[in-house]
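J.: This is the structure, below, for whatever I ask next.
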Amino acid sequence: MLKSILLSLVAASCVVAQSPLYGQCGGIGWSGSTSCVSGAACTKLNDYYSQCLPGTAAPTSTQTSSAPTSTPTGGGARLPFLGGVNMAGYDFSVATDGSFNGTGVDPPVAQFSHFASQGVNIFRIPFAWQLMTRTVGGTIDSTFFARYDKTVQTALNSGSSPYVILDLHNYARWNGQIISQGGPTDAQYASLWSQVAAKYKSNPKIIFGIMNEPHDVPSIPTWGTSVQAAVNAIRAAGATSQYILIPGSSWSSAQALPTEAGPTLLKVTDPAGGTNKLIFDVHKYLDSDNSGTHPDCTTDNVSVMTTLVNWLKSNGNRQALLSETGGGNTASCITALGAQLAYIKANSNSITGFTIWSAGSFDTTYTLTVTPNPDGSDQPLWTQAVRPNLP
């Protein structure tokens, strides 16, 4: 009887010891389980990280959307799987209330070819509204636009034929006031996107990121109307082939989208037809308070992403893009971020890709830096968690 109990306990411990789907199962310094739950195989991504991925195939076969596909919602081809990085600088000193007092910093040119050579096929380039138009509702500042466009063209010509997200980084605000809710009118907001879209209407590799991280928005339906105004302005300017990222509230939370702003954003229509080119813009960090300000990670977000995928599938097989996520160069973040990105890669028909926060003009001491070192080497988070999950 005792022997039977002991054998049962041993068997139970073996089951418990198995790594979960998308969990780590090997790598230099790994002391945990090297076996995976049923239906998953321990797959080596690099010397430092092996992961439990669905089935027995190599990671590349988990990419379910390596080429654009069609969906019943219409509106043209869907985005392929995208993996890349934020190139910060023109957003420096934008506060979360939408105020700004800087001049922006040009992201280093060499970084674009550096990342493109590793397989990056999307860059996100944030900018301050106040740099693009000096007054709310005003015309584009030609001096700043020349700087910004030079960076955009560098990204577009970096060798991997990447997509480039033009990211308005103002938190749905201008100097503390929320768009159409005490601040700029929808017409003033749409004016910005009308002008920017006219500049890039002939390039299908441009993606319009119409607003970074709206938060504490009193009326979600009113925000939905503002989103629709920006979409309409972009299409009316002649930019009919480009994808548009539409964000919810709560800092573009991937977790909040299905139950908060998602139902409203589902009603946003595309004058170009269908909904395939309207992509939900979501963010999700992995630290204790989801702020992206701590070097350690406490979650791999797989459960959050699973809920998001299910919601997208149940609402016309729509797509989202994780345009901000990241972690510190620590063991916990290498493991957690690797698991999250592997899940996204395996479910890229729904979450079409990611851009890591952040490189560009951040130095190598920044908490979430993936900026290359002066000698050209990459940060551990990039080499061990991000690069294995690029397209």
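The values are calculated or read from the model by the stated rules, or taken from the named source; none is laboratory data. As the structure is a computational prediction, the values presented were derived from the model and not from experiment. Counting neighbours? That spans all protein chains shown, and the Cβs are built from the backbone with ideal geometry, glycine included. Remember, those area values only see protein heavy atoms, side chains included, never the ligands or the DNA or RNA. Shrake-Rupley method; radii C 1.70, N 1.55, O 1.52, S 1.80 Å.
J.: In the set Ile351, Ile334, which member is assigned by the TED database to the domain that holds Thr367 and either within 23 Å of Pro380 (Cβ to Cβ) or free of Cβ contacts under 8 Å to residues at least 12 places away in the same chain (or both)?
T.: Exactly one of Ile351, Ile334 is assigned by the TED database to the domain that holds Thr367 and either within 23 Å of Pro380 (Cβ to Cβ) or free of Cβ contacts under 8 Å to residues at least 12 places away in the same chain (or both), namely Ile334.
J.: If you don't mind, there's one more thing I want to ask. Residues that are farther than 30 Å from Gly182 by Cβ, loosely packed, with under 14 Cβ neighbours inside 10 Å and either modelled with pLDDT of 70 or more or in contact with a Lys or Arg (Cβ under 9 Å, 6 or more places away or on another chain) (or both): does the range 103-110 have at least one?
T.: Yes, that holds for at least one residue.
J.: Let me ask something else about it. Out of all the residues in the range 351-374, which are of a type outside the set (Val, Ile, Thr), open to solvent by less than 10 Å² (accessible area, probe 1.4 Å) and outside any loop (DSSP other than H, G, I, E, B)?
T.: Correct list: Gly353, Phe354, Ser358, Ala359, Gly360.
J.: If you scan the range 149-171, which residues turn out to be more than 16 Å from Ile207 (Cβ to Cβ), surrounded by 20 or more Cβ atoms within 10 Å (Cβ to Cβ) and out of contact with any helix residue (DSSP H, G or I) (no Cβ under 7 Å at 6 or more places or on another chain)?
T.: Tyr171
J.: Out of all the residues in the range 305-320, is one or more assigned to a helix (DSSP H, G or I), among the small types (Gly, Ala, Ser), in the same structural domain as Arg235 (by the TED database) and free of Cβ contacts under 8 Å to residues at least 40 places away in the same chain?
T.: Within the range 305-320, one or more residues are assigned to a helix (DSSP H, G or I), among the small types (Gly, Ala, Ser), in the same structural domain as Arg235 (by the TED database) and free of Cβ contacts under 8 Å to residues at least 40 places away in the same chain.
J.: Turning to a different aspect of this structure: When the residues of the range 204-227 are filtered to those that are over 21 Å from the mean Cα position of the chain (by Cα) and among the polar types (S, T, N, Q), which remaining residue is surrounded by the most Cβ atoms within 10 Å (Cβ to Cβ)?
T.: Filtering the range 204-227 for residues that are over 21 Å from the mean Cα position of the chain (by Cα) and among the polar types (S, T, N, Q), the one surrounded by the most Cβ atoms within 10 Å (Cβ to Cβ) comes out as Ser226.
J.: Quick check on my filter: what residues within the range 118-148 are over 21 Å from Asn101 (Cα atoms) and open to solvent by 40 Å² or more (accessible area, probe 1.4 Å)?
T.: None; the set is empty.
J.: Filtering the range 268-278 down to residues that are open to solvent by 10 Å² or more (accessible area, probe 1.4 Å) and in contact with a helix residue (DSSP H, G or I) (Cβ under 6 Å, 6 or more places away or on another chain), which residue is nearest to Tyr243 (Cα to Cα)?
T.: Once the filter is applied, the top-ranked residue is Ala272.
J.: Looking at Ser332, Ser291, Ser348, Ser377, which is the one that is over 20 Å from Arg124 (Cα atoms), of a type in the set (Gly, Ala, Ser) and part of a loop (DSSP other than H, G, I, E, B)?
T.: Going through Ser332, Ser291, Ser348, Ser377 in turn, just one is over 20 Å from Arg124 (Cα atoms), of a type in the set (Gly, Ala, Ser) and part of a loop (DSSP other than H, G, I, E, B): Ser377.
J.: Starting from residues that are touching a helix residue (DSSP H, G or I) at 6+ places or on another chain (Cβ under 7 Å) and crowded, with 19+ Cβ neighbours inside 10 Å, keep the ones in the range 283-301 and report whichever is nearest to Pro380 (Cα to Cα).
T.: Selected residue: Cys297.
Conditions tested, residue by residue: (1) in a loop (DSSP other than H, G, I, E, B); (2) on the phi > 0 side of the Ramachandran plot.
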| site | (1), (2) |
| --- | --- |
| Ala155 | no, no |
| Ser160 | yes, no |
| Val164 | no, no |
| Tyr171 | yes, yes |
| Ala190 | no, no |
| Trp193 | no, no |
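J.: Filter the range 165-180 down to residues that are out of contact with any Lys or Arg (no Cβ under 6 Å at 6 or more places or on another chain) and under 21 Å from Phe280 (Cβ atoms), then give me how many there are.
T.: 10
J.: Looking only at the range 243-267, how many residues end up being open to solvent by less than 10 Å² (accessible area, probe 1.4 Å) and either in a loop (DSSP other than H, G, I, E, B) or touching a Cys at 6+ places or on another chain (Cβ under 6 Å) (or both)?
T.: Within the range 243-267, residues that are open to solvent by less than 10 Å² (accessible area, probe 1.4 Å) and either in a loop (DSSP other than H, G, I, E, B) or touching a Cys at 6+ places or on another chain (Cβ under 6 Å) (or both) number 6.
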